[in-house]
Amino acid sequence: MIKTSKKWYAVYTRPRWEKKVSELLTRKKIENYCPLNKVERYWSDRKKIIFEPLFTSYVFVYVSESEHLEIRKTDGVINFVYYLAKAAVIRTEEIEVIKQFLSEYDNVKLAKAAVNPNDHIRITDGALMNLEGSVLEMRQKTIIVMLPSLGHNLVAEVKKTHVKLISSPSKSYAAK
């Protein structure tokens with residue numbers, strides 16, 4: 001018997017098809033995750049809480065490589081997300097962090113990663129407890145945590161007392 005190991009992958013969907021693709025994959029009994037962000041929307045006559053996909057045009061699937069073709073055949077799926085000519089594997093820990101993050105925070109903002117990390121930190125309390133990451137920016141209460149394999153940053157309000165510095169880049173200056 002051949003053992004097939006399942007891994008998390010990201011699939012790219014048609015624009016605004018994330019929820020529909022997730023539903024179609026579920027009907028096919030394919031484990032998937034479409035992270036939904038709880039946001040308040042305001043109209044001229046009312047306000048409403050809605051759930052929007054956190055990652056536009058992406059759905060995560062937990063499958064073996066033998067199931068890739070079946071996923072590509074799903075309406076709305078364009079292709080897998082590739083990295084170095086292979087379908088990009090997403091670590092299970094990162095999927096769990098996203099789930100935990102969305103369960104604790106509403107109206108999460110997503111920022112594309114386009115900078116080099118500086119300090120390496122560990123969060124010591126809250127939903128992201130024990131998560132290590134690179135700090136891209138710190139303000140009074142906001143810390144930007146980078147999930148490198150996704151190529152995005154999740155932004156959360158974290159108390160300064162809940163962050164522990166692990167390492168800081170060394171700065172060397174030439175003496176004149």
Between GLY126 and residues 5 or more places away or on another chain, the pairs with built amide H atoms under 5 Å apart involve none
Amide H contacts under 5 Å for LEU36, placed H, 5+ residues apart: LEU54
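What is the calculated FRET efficiency for ILE30 to ALA85, with r their C-beta to C-beta distance and R₀ = 22 Å, to the nearest 0.05? All intermediate terms of the calculation are to be shown ahead of the outcome.
Numbers: r = 24 Å, r/R0 = 1.08.
Taking R0 as 22 Å, the efficiency between ILE30 and ALA85 is 0.40.
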Under 5 Å, built H, 5+ apart or other chain: amide partners of ILE78: TYR12, THR13, ARG14
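Rule-based calculations on the coordinates, nothing more; no lab input. Quick caveat: nothing in here was measured; it's all calculated off a predicted structure. Note that we place each Cβ from the backbone using ideal geometry, even for glycine, and neighbour counts take in every protein chain shown.
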